[in-house]
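Notes for the one structure printed next.
The values are calculated or read from the model by the stated rules, or taken from the named source; none is laboratory data. None of the values given here were measured: they were computed from a predicted structure. Cβ placement follows ideal geometry from the backbone for every residue including glycine, while neighbour counts extend to all protein chains displayed.
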Amino acid sequence: MKVYPKVPRYDHPVVPATFFDAEDLALVEKFDGSAFRFTLFDERYADSYPGAVETAADGDGSLVFGTRRSIRGSHTDSLTEIDGALHRAVRCLRTGINTAVLRTLHEEYDGPLIIYAENLVYSTLDYGYSDRDLPALVGFDVLPFEPIETMTPPGDPYEETFAEFLDIDAAWDVFERIRMEDTPITSSFVPASILEHVDNGFDPEAYTFPSSTLADDVPVEGVVVRSDEHGRRVKLVREEFKELNREQFGRNPDEVESGAEFLVATYCTSARIRKQIRTMVVEEGHEFGLHLNDELYPRVVADIWAENWTEIMQLEFAVTPADVYPLVAKRCLSELRQMETNADLNDAEPTNIWQHLSE
């Protein structure tokens, strides 16, 4: 099941100068969640699927799903075997997708389809997960399996185009046909919002970002500008979102201004923080909650020094240890809030949220 291609920024060198003059530009809201994809295993086209999909399928009619990098299972799998951050998405597959219609679409397209969607879990933007009902999955692209073997990734992943994907009208037709309309909104599948069509040129530098279609009090993360004529997708991301993302997850090492910020950006990872949280909750019996941070962040600092002290000692700039603690405390609190919100959203244990963070 093909990994979704990289989407370049609007000013990336791979974007043709003529792209924004295309007559079929469409602006689609870019949602802040987590990458998700699924396909219906249809025995009539068994030879079309890679081995990993066939292995994950629980027979004919299974909806096999994955995150960005890996196939994670079938919609019939027990939720106890599935990462907690995917529970709501899997419930959506069970009740919000019409597999009979999807099977019919396989006939129309001479083979199976991959549906790409955003799993609406709390990441950086809070669309109001705790006080409003939101859909589980938002579909934004469709790719037939048939041409995948001819889509050889180039040396630069941003050079790969979307030429074999369904055009916007066909893709949105698929979304509307496969979604079950009588499903509760919290486990529903919906198409991404097409904010506008542009046929007379587009200036990305002058674009004003609107509110999200999920919440009128929350500005969009950004937009994806797509052209079927060029076979490309290009993204515009709001600068304020980038800063919010840095505040929540820390800065990249090349964006820091002090030794303490570099140390935290490099070594205070989500995986490290969540490892300590699981130790405290699962092994030591602490009750999960934001109060954990009082003990959590000193543990994370100690773990950084214990595991990486030889590398830290070789840094070519000064680090003031006292400056590290408040930065780590802030990162830890963000992780706790994200785990708490997504656990409530998915009706899952907090320590079961994103156990495999690289996925």
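Has region 238-251 got at least one residue that is in contact with a strand residue (DSSP E or B) (Cβ under 9 Å, 6 or more places away or on another chain), under 30 Å from residue 290 (Cα atoms) and at pLDDT 85 or above? Scanning region 238-251 turns up at least one residue that is in contact with a strand residue (DSSP E or B) (Cβ under 9 Å, 6 or more places away or on another chain), under 30 Å from residue 290 (Cα atoms) and at pLDDT 85 or above. Looking at 270, 187, 212, just one residue is under 30 Å from residue 100 (Cα atoms) and among the hydroxyl-bearing types (Ser, Thr, Tyr), and that residue is 187.
Looking across 80, 95, one residue alone is outside any strand (DSSP E or B), free of Cβ contacts under 8 Å to residues at least 12 places away in the same chain and surrounded by fewer than 23 Cβ atoms within 10 Å (Cβ to Cβ). It is 80.
When restricted to residues that are small (Gly, Ala, Ser) and in a loop (DSSP other than H, G, I, E, B), region 1-32 contains 2.
Is at least one residue of region 267-275 over 26 Å from the mean Cα position of the chain (by Cα), touching a residue at least 12 places away in the same chain (Cβ under 8 Å) and assigned to a helix (DSSP H, G or I)? Looking through region 267-275, none of the residues is over 26 Å from the mean Cα position of the chain (by Cα), touching a residue at least 12 places away in the same chain (Cβ under 8 Å) and assigned to a helix (DSSP H, G or I). I'd like to check something: does region 40-50 contain any residue that is part of a strand (DSSP E or B) and under 19 Å from residue 189 (Cβ atoms)? Checked against the condition, which is being part of a strand (DSSP E or B) and under 19 Å from residue 189 (Cβ atoms), region 40-50 yields at least one hit.
What are the residues in region 304-321 that are part of a helix (DSSP H, G or I) and of a type outside the set (Asp, Glu), if any?
From region 304-321, those part of a helix (DSSP H, G or I) are 304-313, 321; that's our starting set.
Those that are part of a helix (DSSP H, G or I) and of a type outside the set (Asp, Glu): 304, 305, 306, 308, 309, 310, 312, 313, 321.
The set of residues from region 7-54 being within 23 Å of the chain's Cα centre (by Cα), acidic (Asp, Glu) and over 23 Å from residue 199 (Cβ atoms) comprises just one member, 32.
Scan region 117-135 for residues that are of a type in the set (Gly, Ala, Ser), part of a loop (DSSP other than H, G, I, E, B) and buried (at least 23 other Cβ atoms within 10 Å of the Cβ) and report the count. First the steps, then the outcome.
Of all residues in region 117-135, those of a type in the set (Gly, Ala, Ser) come to 117, 123, 128, 130.
Going one step further and asking which of them are part of a loop (DSSP other than H, G, I, E, B), we end up with 123, 128, 130.
Still in the list and also buried (at least 23 other Cβ atoms within 10 Å of the Cβ): none.
The number of residues fulfilling the criteria is 0.
Checking the conditions here, which among 209, 202 is more than 19 Å from residue 118 (Cα to Cα), in a loop (DSSP other than H, G, I, E, B) and touching a Gly at 6+ places or on another chain (Cβ under 9 Å)? Quick ask: steps written out before the conclusion?
Working: 202 fails: touching a Gly at 6+ places or on another chain (Cβ under 9 Å).
Answer to the selection: 209.
When region 1-21 is filtered for residues that are in contact with a Gly (Cβ under 9 Å, 6 or more places away or on another chain) and under 22 Å from residue 208 (Cβ atoms), the ones remaining, listed by number, are 20, 21. Quick check on residue 90: is it without any contact (Cβ under 8 Å) to a residue 60 or more places away in the chain, under 20 Å from the mean Cα position of the chain (by Cα), surrounded by 20 or more Cβ atoms within 10 Å (Cβ to Cβ) and under 22 Å from residue 188 (Cα atoms)? Answer is yes for this residue.
Yes or no, residue by residue, for (1) touching a residue at least 24 places away in the same chain (Cβ under 8 Å); (2) surrounded by fewer than 17 Cβ atoms within 10 Å (Cβ to Cβ):
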site: 179; (1), (2): yes, no
site: 189; (1), (2): yes, no
site: 194; (1), (2): yes, yes
site: 207; (1), (2): yes, yes
site: 211; (1), (2): no, yes
site: 224; (1), (2): yes, no
site: 234; (1), (2): yes, no
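Looking only at region 172-212, count every residue that is more than 18 Å from the chain's Cα centre (by Cα) and within 30 Å of residue 108 (Cβ to Cβ) and tell me the total. Number of matching residues: 20. Screening residue 142 with (1) loosely packed, with under 15 Cβ neighbours inside 10 Å; (2) part of a strand (DSSP E or B) gives one miss only, at (1).
Quick one: how many residues across region 280-297 are surrounded by fewer than 15 Cβ atoms within 10 Å (Cβ to Cβ) and part of a helix (DSSP H, G or I)? Explain how you work it out, then say what you get.
We begin by selecting, within region 280-297, every residue surrounded by fewer than 15 Cβ atoms within 10 Å (Cβ to Cβ); these are 282-285, 287, 289-291, 294-295.
Adding the requirement that they be part of a helix (DSSP H, G or I) leaves 282-283, 290-291, 294-295.
Number of matching residues: 6.
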